[in-house]
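Q: Below are the structure tokens for one structure; questions will follow.
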Amino acid sequence: MKHRITRRESLTLIGATLAATMLPSVPLLANTGGMRQKAFASTDKTLPVIGMGTWRTFNVGSDPKLLDARTKVVKAFFEHGGGLIDSSPMYGSAPDVMGYALQQLGTPDSLFSAEKVWSPAGGTAREQVAELKDRWTVDHFDLVQVHNLTDWREHLAALQEMKAEGVIGHVGITTSHGRRHSEIEQIMSSEDIDFVQLTYNITHREAENRLLPLAEERGIGVIANRPYDGGSLIKHLKQRDAALPEWANEECGCTTWADFLLKFIVSHPAITCAIPATTQVEHMHENMRAGHSPIPSADARQRMADYIESL
């Protein structure tokens, strides 16, 4: 029977062709360079406060030019001391593209790999994790989350077993767009989870009411998704030709809107890290610089929110 090439094999062949002209296939040394770190999940371990998302941005199939471009984005992330990278089988080819990038760059010690399982992906949680490890070309995941609470009881029980066996590092649940907060709260209160991922940004602050205080109380790490509200926040500011207020630099060290929006998020004491997504290396540099000191105080955070509301 004729062998049918898989997506993973296709990307591997592309990588072999381009590697000589792209990036050195040697592990990168993480350079934290002043990036703030936060402890997570009631451990003494820490994560850089700026992580990386892959929703939409890394679903590029096997196009050589796009694979090259995304690999350069990942390279910039690691050069800034990046840690948590979040993906999902729901994100199309994103797990494969991450695997391709790691093959070209090597896997730095700083990587904190975060994946998800969900029912439409097919297979049990164990089967999904095994497939995703192959797609990422990693030996284990530091975190596996139940994507948008799909069949969360079944999946979470399996992930807890895998954590106990040492197959994965941590377990979590996710939601986005402010959905199902009541159910999220119930799970956080009753289940032994390490992380919750939710939408939190300067214009979507519902999580401050109950979920973030509960996370602090229970020692649960919090990953903030949609920090730019899917890009609409930046777009809105550009359309209004809005300028950063002078006090933003003086009080918070903000020189760009990326600084302003991301520093607001990660300065909340309950937030472990934010996961902005980008396709551009320069935007990755901006995102990562936002994780450096100074971090806004509680008073400055309120001033920031008031300013955005006034625009």
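The values are calculated or read from the model by the stated rules, or taken from the named source; none is laboratory data. In this text the structure is predicted, and so the values were computed from the model without any measurement. For neighbour counting, all protein chains shown are included, and Cβ atoms are generated from backbone atoms with ideal geometry for every residue, glycine included. When the accessible area is computed, the model is the full protein with side chains, heavy atoms only, and any ligands, DNA or RNA have been set aside. Shrake-Rupley method; radii C 1.70, N 1.55, O 1.52, S 1.80 Å.
Q: Looking at the stretch 120-138, which of its residues are in a helix (DSSP H, G or I) and touching a Phe, Trp or Tyr at 6+ places or on another chain (Cβ under 9 Å)?
A: Hits for the stretch 120-138 are GLN128, VAL129, LEU132, LYS133.
Q: Looking only at the stretch 220-234, decide whether some residue is modelled with pLDDT under 95, open to solvent by 20 Å² or more (accessible area, probe 1.4 Å) and at negative phi.
A: Of the residues in the stretch 220-234, the ones modelled with pLDDT under 95 are 229-234.
Now narrow it down to the ones that are open to solvent by 20 Å² or more (accessible area, probe 1.4 Å): 229-232, 234.
From what's left, at negative phi: 232, 234.
Yes, the stretch 220-234 has at least one match.
Condition check ((1) in contact with a Lys or Arg (Cβ under 9 Å, 6 or more places away or on another chain); (2) outside any helix (DSSP H, G or I); (3) modelled with pLDDT of 95 or more) across all residues:
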site	(1), (2), (3)
THR43	no, yes, no
LEU47	yes, yes, yes
ASN59	no, yes, yes
LYS65	no, no, yes
ARG70	no, no, yes
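Q: Hey, can you tell me all the residues within the stretch 197-219 that are part of a helix (DSSP H, G or I) and open to solvent by less than 30 Å² (accessible area, probe 1.4 Å)? Break it down into steps so the answer makes sense when it comes.
A: We begin by selecting, within the stretch 197-219, every residue part of a helix (DSSP H, G or I); these are 206-208, 211-218.
Result: ALA207, LEU211, LEU212, LEU214, ALA215.
Q: Yes or no: the stretch 102-109 includes at least one residue that is crowded, with 24+ Cβ neighbours inside 10 Å and either touching a helix residue (DSSP H, G or I) at 6+ places or on another chain (Cβ under 6 Å) or without any contact (Cβ under 8 Å) to a residue 12 or more places away in the chain (or both).
A: No - not one qualifying residue is present in the stretch 102-109.
Q: If you scan the stretch 235-271, which residues turn out to be among the small types (Gly, Ala, Ser), over 16 Å from ALA207 (Cα atoms) and open to solvent by less than 50 Å² (accessible area, probe 1.4 Å)?
A: Result: ALA242, ALA248, GLY253, ALA258.
Q: Next question, about the same structure. Which residue pairs have Cβ atoms under 6 Å apart, sit 6 or more places apart or on different chains, and have a first residue in the stretch 276-295 that is more than 15 Å from PRO48 (Cα to Cα) and a second that is open to solvent by 50 Å² or more (accessible area, probe 1.4 Å) and not in a strand (DSSP E or B)?
A: ALA277/TRP55; VAL281/LYS72
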